[in-house]
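Beneath this line is the structure, given in structure tokens, with notes to follow.
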């Protein structure tokens, strides 16, 4: 392989790795935002929000998670315990 081919291969690998890293950081920020919203909300607020339609931003995030199983798994692993605990405290789950 010529030096030029190696150079382009390395650049491509770095670009892909950078994209995955950036996506992971965005996913971490969104998960943190969701957990914070649940932790800071009162039980009354959570009950009121339960029946309300999702914002456009939330709908896009849900669609992204539906289309990307790995991202969905990472997201759920971060938010499941804090959300489930809050829902249990509020009597939203048995």
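Of everything in region 78-87 that's without any contact (Cβ under 8 Å) to a residue 12 or more places away in the chain and within 13 Å of residue 39 (Cβ to Cβ), which residue is surrounded by the fewest Cβ atoms within 10 Å (Cβ to Cβ)? Give the derivation first.
As a first pass, look at region 78-87 and keep what is without any contact (Cβ under 8 Å) to a residue 12 or more places away in the chain: 80-81, 84-85.
Now narrow it down to the ones that are within 13 Å of residue 39 (Cβ to Cβ): 81, 84-85.
Values: 81: 11, 84: 13, 85: 13.
Here the residue is 81.
If a residue must be surrounded by 13 or more Cβ atoms within 10 Å (Cβ to Cβ), closer than 21 Å to residue 92 by Cα and within 11 Å of the chain's Cα centre (by Cα), how many such residues does region 33-74 contain?
At the first step, the residues of region 33-74 found to be surrounded by 13 or more Cβ atoms within 10 Å (Cβ to Cβ) are 34-35, 37-38, 41, 43, 45-47, 61, 64-65, 68, 71-72, 74.
When the remaining residues are screened for being closer than 21 Å to residue 92 by Cα, the result is 34-35, 37-38, 41, 43, 45-47.
Okay, now just the ones that are also within 11 Å of the chain's Cα centre (by Cα), so 34-35.
Going through region 33-74 one residue at a time, the tally reaches 2.
I'd like to know if region 1-21 contains one or more residues that are part of a helix (DSSP H, G or I), at pLDDT below 90, exposed (fewer than 13 other Cβ atoms within 10 Å of the Cβ) and under 14 Å from the mean Cα position of the chain (by Cα). Steps first, please.
As a first pass, look at region 1-21 and keep what is part of a helix (DSSP H, G or I): 3-21.
When the remaining residues are screened for being at pLDDT below 90, the result is 3-21.
In the following step, the residues that additionally are exposed (fewer than 13 other Cβ atoms within 10 Å of the Cβ) were identified as 3-21.
From what's left, under 14 Å from the mean Cα position of the chain (by Cα): 20-21.
Yes: one or more hits.
The values are calculated or read from the model by the stated rules, or taken from the named source; none is laboratory data. In this text, all values refer to a predicted model and were calculated from it rather than measured experimentally. Every residue, glycine as well, gets a Cβ built from its backbone with ideal geometry; the counts of neighbours run over all protein chains shown.
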